[in-house]
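Student: The structure follows.
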Amino acid sequence: MPETVNIYDLLKSGEAFLKSKNLPDAKSDAQYLLAAALKIERSRLVLIREQKAGEKESSLFWEYILRRSKREPAAYITGFCGFMGLEFKVSKDVLIPRPETELLVEDVLNMSKKNKTETVLDLCAGSGCIAVSLSKLGNFNKIYASDISFDALTLARENADFNDAKNIEFLLSDMFKSLENVKVDFIVSNPPYISEDEYNALEPELKFEPETALLAQDNGLFFYKEIALKASRHLNDKGRIFVELNANLSQEIKKIFEENNFKDIEINEDYSHLPRVLKAHL
Ligand SMILES: C[S@@+](CC[C@H](N)C(=O)[O-])C[C@H]1O[C@@H](n2cnc3c(N)ncnc32)[C@H](O)[C@@H]1O
(Lines give C-alpha, C1' and ligand atoms only; values in the text may rest on other atoms or scores of the structure.)
Protein backbone atom coordinates (compact mmCIF):
# COMPACT_ATOMS: atom_id res chain seq x y z
CA MET A 1 0.00 0.00 0.00
CA PRO A 2 1.25 3.55 -0.69
CA GLU A 3 2.41 5.42 2.39
CA THR A 4 -0.10 8.23 1.92
CA VAL A 5 -3.33 6.24 2.07
CA ASN A 6 -5.84 7.47 4.63
CA ILE A 7 -7.37 5.35 7.38
CA TYR A 8 -10.76 5.12 5.68
CA ASP A 9 -9.33 3.92 2.36
CA LEU A 10 -7.05 1.45 4.11
CA LEU A 11 -10.02 0.03 6.01
CA LYS A 12 -12.18 -0.23 2.91
CA SER A 13 -9.47 -1.95 0.85
CA GLY A 14 -8.85 -4.48 3.65
CA GLU A 15 -12.57 -5.12 3.93
CA ALA A 16 -12.92 -5.56 0.15
CA PHE A 17 -10.03 -8.04 0.13
CA LEU A 18 -11.62 -10.13 2.90
CA LYS A 19 -14.97 -9.99 1.09
CA SER A 20 -13.31 -11.23 -2.09
CA LYS A 21 -12.12 -14.24 -0.06
CA ASN A 22 -15.68 -14.85 1.20
CA LEU A 23 -15.00 -14.01 4.83
CA PRO A 24 -18.46 -13.73 6.43
CA ASP A 25 -17.64 -10.80 8.76
CA ALA A 26 -15.27 -8.88 6.49
CA LYS A 27 -16.28 -5.42 7.76
CA SER A 28 -15.95 -6.07 11.46
CA ASP A 29 -12.80 -8.18 10.97
CA ALA A 30 -11.17 -5.34 9.00
CA GLN A 31 -12.13 -2.80 11.69
CA TYR A 32 -10.86 -5.02 14.49
CA LEU A 33 -7.55 -5.71 12.73
CA LEU A 34 -6.97 -2.08 11.74
CA ALA A 35 -7.60 -0.91 15.30
CA ALA A 36 -5.11 -3.54 16.50
CA ALA A 37 -2.50 -2.50 13.90
CA LEU A 38 -2.92 1.15 14.91
CA LYS A 39 -3.04 0.20 18.63
CA ILE A 40 -6.20 2.21 19.20
CA GLU A 41 -9.75 1.47 20.37
CA ARG A 42 -11.98 0.38 17.50
CA SER A 43 -14.44 3.19 18.26
CA ARG A 44 -11.71 5.75 17.44
CA LEU A 45 -11.39 4.61 13.81
CA VAL A 46 -14.24 6.82 12.70
CA LEU A 47 -12.68 9.87 14.35
CA ILE A 48 -9.38 9.50 12.52
CA ARG A 49 -10.71 8.27 9.18
CA GLU A 50 -9.22 11.21 7.21
CA GLN A 51 -5.76 10.89 8.78
CA LYS A 52 -2.91 9.27 6.88
CA ALA A 53 -1.83 5.82 8.01
CA GLY A 54 1.89 5.31 8.61
CA GLU A 55 3.82 2.85 6.43
CA LYS A 56 4.58 0.54 9.36
CA GLU A 57 0.95 0.40 10.49
CA SER A 58 -0.31 -0.10 6.93
CA SER A 59 1.98 -3.04 6.30
CA LEU A 60 1.11 -4.57 9.68
CA PHE A 61 -2.59 -4.22 8.83
CA TRP A 62 -2.04 -5.97 5.48
CA GLU A 63 -0.11 -8.75 7.20
CA TYR A 64 -3.10 -9.20 9.54
CA ILE A 65 -5.58 -9.11 6.62
CA LEU A 66 -3.63 -11.75 4.71
CA ARG A 67 -3.56 -14.04 7.74
CA ARG A 68 -7.28 -13.52 8.31
CA SER A 69 -7.99 -14.22 4.61
CA LYS A 70 -6.50 -17.69 5.26
CA ARG A 71 -9.13 -18.06 8.00
CA GLU A 72 -6.78 -17.65 10.97
CA PRO A 73 -8.95 -16.41 13.86
CA ALA A 74 -8.58 -12.68 14.54
CA ALA A 75 -7.73 -13.31 18.22
CA TYR A 76 -4.66 -15.38 17.27
CA ILE A 77 -3.58 -12.64 14.87
CA THR A 78 -3.74 -9.86 17.47
CA GLY A 79 -2.81 -12.14 20.39
CA PHE A 80 -5.67 -10.88 22.55
CA CYS A 81 -9.29 -11.68 23.33
CA GLY A 82 -11.91 -10.04 25.55
CA PHE A 83 -13.79 -12.18 28.09
CA MET A 84 -16.03 -11.06 30.98
CA GLY A 85 -14.89 -7.48 30.41
CA LEU A 86 -11.24 -8.49 30.94
CA GLU A 87 -8.44 -8.84 28.42
CA PHE A 88 -6.69 -12.20 27.85
CA LYS A 89 -3.57 -13.11 25.95
CA VAL A 90 -4.15 -15.97 23.53
CA SER A 91 -1.82 -18.14 21.49
CA LYS A 92 -2.14 -21.31 19.47
CA ASP A 93 -1.56 -23.26 22.69
CA VAL A 94 -5.02 -22.36 23.98
CA LEU A 95 -8.62 -22.27 22.91
CA ILE A 96 -9.89 -18.75 22.22
CA PRO A 97 -12.33 -17.89 25.05
CA ARG A 98 -15.93 -17.98 23.79
CA PRO A 99 -18.87 -15.73 24.74
CA GLU A 100 -20.94 -18.83 25.75
CA THR A 101 -18.36 -19.64 28.41
CA GLU A 102 -19.16 -16.32 30.10
CA LEU A 103 -22.50 -17.91 31.08
CA LEU A 104 -20.61 -20.61 32.95
CA VAL A 105 -18.64 -17.97 34.87
CA GLU A 106 -21.81 -15.98 35.61
CA ASP A 107 -23.51 -19.09 37.00
CA VAL A 108 -20.63 -19.75 39.39
CA LEU A 109 -20.58 -16.08 40.47
CA ASN A 110 -24.35 -16.15 41.06
CA MET A 111 -24.13 -19.31 43.18
CA SER A 112 -21.25 -18.08 45.32
CA LYS A 113 -21.96 -16.80 48.85
CA LYS A 114 -19.27 -14.16 48.29
CA ASN A 115 -17.97 -14.58 51.83
CA LYS A 116 -14.40 -15.41 50.83
CA THR A 117 -14.54 -18.91 52.27
CA GLU A 118 -15.34 -20.80 49.10
CA THR A 119 -12.88 -22.63 46.89
CA VAL A 120 -13.06 -23.46 43.19
CA LEU A 121 -11.35 -25.83 40.78
CA ASP A 122 -11.27 -24.77 37.11
CA LEU A 123 -10.64 -28.10 35.40
CA CYS A 124 -9.30 -27.84 31.80
CA ALA A 125 -8.35 -24.21 32.40
CA GLY A 126 -6.72 -23.42 29.01
CA SER A 127 -6.03 -19.67 28.78
CA GLY A 128 -7.20 -19.29 32.38
CA CYS A 129 -10.16 -17.17 31.29
CA ILE A 130 -12.55 -18.85 33.77
CA ALA A 131 -10.19 -18.95 36.76
CA VAL A 132 -8.94 -15.39 36.24
CA SER A 133 -12.48 -14.03 35.76
CA LEU A 134 -13.65 -15.75 38.95
CA SER A 135 -10.66 -14.37 40.81
CA LYS A 136 -11.26 -10.81 39.58
CA LEU A 137 -15.07 -10.71 39.70
CA GLY A 138 -15.84 -13.06 42.59
CA ASN A 139 -14.79 -13.30 46.19
CA PHE A 140 -13.22 -16.74 46.55
CA ASN A 141 -10.75 -17.94 49.11
CA LYS A 142 -8.76 -19.97 46.61
CA ILE A 143 -8.97 -20.98 42.97
CA TYR A 144 -7.15 -23.97 41.45
CA ALA A 145 -6.64 -23.98 37.69
CA SER A 146 -5.54 -27.25 36.11
CA ASP A 147 -4.79 -28.41 32.60
CA ILE A 148 -2.87 -31.21 30.91
CA SER A 149 -0.98 -28.73 28.72
CA PHE A 150 2.14 -27.12 30.21
CA ASP A 151 2.06 -24.43 27.51
CA ALA A 152 -1.57 -23.59 28.22
CA LEU A 153 -0.84 -23.33 31.95
CA THR A 154 2.12 -21.04 31.23
CA LEU A 155 -0.19 -18.70 29.33
CA ALA A 156 -2.89 -18.99 32.02
CA ARG A 157 -0.28 -17.88 34.58
CA GLU A 158 0.65 -14.94 32.33
CA ASN A 159 -3.03 -14.02 32.11
CA ALA A 160 -3.33 -14.09 35.89
CA ASP A 161 -0.35 -11.71 36.16
CA PHE A 162 -1.64 -9.56 33.30
CA ASN A 163 -4.98 -9.13 35.11
CA ASP A 164 -3.42 -8.96 38.58
CA ALA A 165 -5.38 -12.01 39.76
CA LYS A 166 -3.72 -13.26 42.93
CA ASN A 167 -5.37 -16.26 44.54
CA ILE A 168 -4.93 -18.85 41.77
CA GLU A 169 -2.79 -21.98 42.04
CA PHE A 170 -1.91 -23.60 38.71
CA LEU A 171 -1.65 -27.38 38.55
CA LEU A 172 -0.48 -29.58 35.69
CA SER A 173 -2.76 -32.58 35.69
CA ASP A 174 -4.39 -35.11 33.40
CA MET A 175 -7.94 -34.53 34.63
CA PHE A 176 -8.01 -35.49 38.36
CA LYS A 177 -4.85 -37.65 38.28
CA SER A 178 -2.54 -35.15 40.05
CA LEU A 179 -5.23 -33.43 42.09
CA GLU A 180 -5.41 -35.95 45.00
CA ASN A 181 -5.28 -33.22 47.64
CA VAL A 182 -7.61 -30.77 45.96
CA LYS A 183 -11.06 -30.54 47.57
CA VAL A 184 -13.28 -27.60 46.74
CA ASP A 185 -16.81 -26.17 46.95
CA PHE A 186 -17.21 -25.70 43.19
CA ILE A 187 -15.80 -27.51 40.20
CA VAL A 188 -16.19 -25.59 36.95
CA SER A 189 -15.14 -26.98 33.60
CA ASN A 190 -15.31 -26.27 29.92
CA PRO A 191 -13.79 -29.57 28.79
CA PRO A 192 -13.03 -30.70 25.23
CA TYR A 193 -16.36 -31.94 23.88
CA ILE A 194 -16.27 -32.22 20.09
CA SER A 195 -16.73 -35.70 18.63
CA GLU A 196 -14.61 -36.82 15.72
CA ASP A 197 -17.52 -36.49 13.28
CA GLU A 198 -18.27 -32.97 14.50
CA TYR A 199 -14.58 -32.05 14.27
CA ASN A 200 -14.42 -32.96 10.58
CA ALA A 201 -17.34 -30.62 9.84
CA LEU A 202 -15.99 -27.59 11.76
CA GLU A 203 -15.36 -24.14 10.26
CA PRO A 204 -11.76 -23.70 9.01
CA GLU A 205 -11.05 -21.24 11.86
CA LEU A 206 -11.39 -23.99 14.46
CA LYS A 207 -8.64 -26.03 12.80
CA PHE A 208 -6.19 -23.36 14.04
CA GLU A 209 -7.11 -24.18 17.65
CA PRO A 210 -5.39 -27.01 19.56
CA GLU A 211 -7.00 -30.35 18.82
CA THR A 212 -6.52 -31.37 22.47
CA ALA A 213 -8.73 -28.44 23.51
CA LEU A 214 -11.60 -29.54 21.28
CA LEU A 215 -11.66 -33.26 20.60
CA ALA A 216 -13.12 -35.78 23.01
CA GLN A 217 -13.21 -39.55 22.58
CA ASP A 218 -16.35 -41.56 23.18
CA ASN A 219 -18.37 -39.43 20.72
CA GLY A 220 -17.61 -36.25 22.68
CA LEU A 221 -18.56 -37.71 26.08
CA PHE A 222 -15.20 -38.84 27.49
CA PHE A 223 -14.54 -35.81 29.71
CA TYR A 224 -18.13 -35.55 30.98
CA LYS A 225 -17.91 -39.19 32.08
CA GLU A 226 -14.58 -38.56 33.84
CA ILE A 227 -15.98 -35.53 35.66
CA ALA A 228 -19.25 -37.22 36.65
CA LEU A 229 -17.39 -40.28 37.93
CA LYS A 230 -14.57 -38.60 39.84
CA ALA A 231 -15.70 -35.08 40.82
CA SER A 232 -17.41 -36.20 44.04
CA ARG A 233 -14.02 -37.15 45.58
CA HIS A 234 -12.89 -33.54 45.07
CA LEU A 235 -16.01 -31.75 46.25
CA ASN A 236 -16.86 -30.70 49.80
CA ASP A 237 -20.24 -31.55 51.29
CA LYS A 238 -23.01 -30.08 49.07
CA GLY A 239 -20.32 -29.15 46.55
CA ARG A 240 -21.46 -27.98 43.17
CA ILE A 241 -20.46 -28.73 39.61
CA PHE A 242 -20.79 -26.43 36.57
CA VAL A 243 -19.93 -27.75 33.12
CA GLU A 244 -20.22 -26.26 29.67
CA LEU A 245 -22.27 -28.51 27.40
CA ASN A 246 -21.93 -29.76 23.89
CA ALA A 247 -25.43 -28.62 22.90
CA ASN A 248 -25.96 -31.72 20.74
CA LEU A 249 -25.31 -34.03 23.68
CA SER A 250 -27.11 -32.27 26.53
CA GLN A 251 -29.58 -35.06 27.39
CA GLU A 252 -26.89 -37.75 27.29
CA ILE A 253 -24.68 -35.62 29.54
CA LYS A 254 -27.53 -35.00 31.97
CA LYS A 255 -28.09 -38.76 32.19
CA ILE A 256 -24.40 -39.34 32.93
CA PHE A 257 -24.56 -36.93 35.89
CA GLU A 258 -27.85 -38.44 37.12
CA GLU A 259 -26.31 -41.93 37.04
CA ASN A 260 -23.46 -40.63 39.18
CA ASN A 261 -25.83 -39.35 41.87
CA PHE A 262 -25.70 -35.62 41.15
CA LYS A 263 -28.86 -33.83 42.31
CA ASP A 264 -31.07 -30.94 41.17
CA ILE A 265 -29.54 -31.00 37.73
CA GLU A 266 -30.34 -27.81 35.83
CA ILE A 267 -29.50 -26.91 32.26
CA ASN A 268 -29.28 -23.26 31.17
CA GLU A 269 -29.53 -22.08 27.59
CA ASP A 270 -27.15 -19.73 25.81
CA TYR A 271 -28.00 -16.64 23.71
CA SER A 272 -28.98 -18.90 20.79
CA HIS A 273 -31.34 -20.89 23.06
CA LEU A 274 -29.07 -23.91 22.96
CA PRO A 275 -28.47 -25.94 26.13
CA ARG A 276 -25.09 -24.66 27.32
CA VAL A 277 -24.45 -24.97 31.06
CA LEU A 278 -25.22 -27.90 33.35
CA LYS A 279 -25.36 -27.21 37.11
CA ALA A 280 -25.79 -29.81 39.82
CA HIS A 281 -24.75 -30.60 43.38
CA LEU A 282 -23.74 -33.65 45.35
C1 LIG B 1 -12.32 -26.40 25.62
S2 LIG B 1 -10.73 -25.96 26.25
C3 LIG B 1 -11.24 -24.88 27.55
C4 LIG B 1 -10.25 -23.80 27.88
C5 LIG B 1 -10.80 -22.71 28.79
N6 LIG B 1 -11.25 -23.24 30.05
C7 LIG B 1 -11.94 -21.96 28.12
O8 LIG B 1 -13.08 -22.11 28.57
O9 LIG B 1 -11.69 -21.23 27.16
C10 LIG B 1 -10.29 -27.45 27.03
C11 LIG B 1 -8.94 -27.52 27.75
O12 LIG B 1 -8.81 -28.86 28.27
C13 LIG B 1 -7.45 -29.23 28.25
N14 LIG B 1 -7.37 -30.70 28.31
C15 LIG B 1 -7.48 -31.60 27.30
N16 LIG B 1 -7.33 -32.84 27.77
C17 LIG B 1 -7.15 -32.74 29.10
C18 LIG B 1 -6.92 -33.69 30.15
N19 LIG B 1 -6.87 -35.00 29.91
N20 LIG B 1 -6.76 -33.22 31.41
C21 LIG B 1 -6.79 -31.90 31.68
N22 LIG B 1 -6.99 -30.95 30.73
C23 LIG B 1 -7.16 -31.37 29.45
C24 LIG B 1 -6.92 -28.62 26.97
O25 LIG B 1 -5.52 -28.49 27.06
C26 LIG B 1 -7.70 -27.28 26.92
O27 LIG B 1 -6.93 -26.27 27.49
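The values are calculated or read from the model by the stated rules, or taken from the named source; none is laboratory data. All values derive from a computational prediction rather than experimental measurement. In this analysis, Cβ positions are derived from the backbone assuming ideal geometry, glycine residues included, and neighbour counts consider all displayed protein chains.
Student: Evaluate the following for Asp122: is it within 13 Å of the ligand (Cβ to nearest atom), touching a residue at least 40 places away in the same chain (Cβ under 8 Å) and surrounded by fewer than 24 Cβ atoms within 10 Å (Cβ to Cβ)?
Tutor: So Asp122 fails the test.
Student: A further question follows. Can you say whether Gly138 is without any contact (Cβ under 8 Å) to a residue 40 or more places away in the chain, more than 10 Å from the ligand (Cβ to nearest atom) and outside the structural domain of Lys183 (by TED's automatic domain parsing), as far as the supplied structure shows? Full working, then the answer.
Tutor: On the way: without any contact (Cβ under 8 Å) to a residue 40 or more places away in the chain: yes; more than 10 Å from the ligand (Cβ to nearest atom): yes; outside the structural domain of Lys183 (by TED's automatic domain parsing): no.
Here the answer is no, as Gly138 does not meet what is asked.
Student: Quick check on this structure: which one of Lys166, Lys207, Lys263 is closer than 25 Å to Lys116 by Cβ and surrounded by fewer than 19 Cβ atoms within 10 Å (Cβ to Cβ)? Quick ask: steps written out before the conclusion?
Tutor: Values: Lys207 fails: closer than 25 Å to Lys116 by Cβ; Lys263 fails: closer than 25 Å to Lys116 by Cβ.
That would be Lys166, the only listed residue that is closer than 25 Å to Lys116 by Cβ and surrounded by fewer than 19 Cβ atoms within 10 Å (Cβ to Cβ).
Student: Among the helices (runs of 4 or more DSSP H) lying completely within segment 180-236, list those that include at least 1 residues that are touching a strand residue (DSSP E or B) at 6+ places or on another chain (Cβ under 9 Å) and within 11 Å of the ligand (Cβ to nearest atom).
Tutor: Details: elements: 196-200, 211-214, 222-230.
Output list reads 211-214, 222-230.
Student: Let me ask something else about it. Evaluate the following for Asn115: is it more than 14 Å from the ligand (Cβ to nearest atom) and assigned to a loop (DSSP other than H, G, I, E, B)? Can you show your working first?
Tutor: Working: more than 14 Å from the ligand (Cβ to nearest atom): yes; assigned to a loop (DSSP other than H, G, I, E, B): yes.
Answer is yes for this residue.
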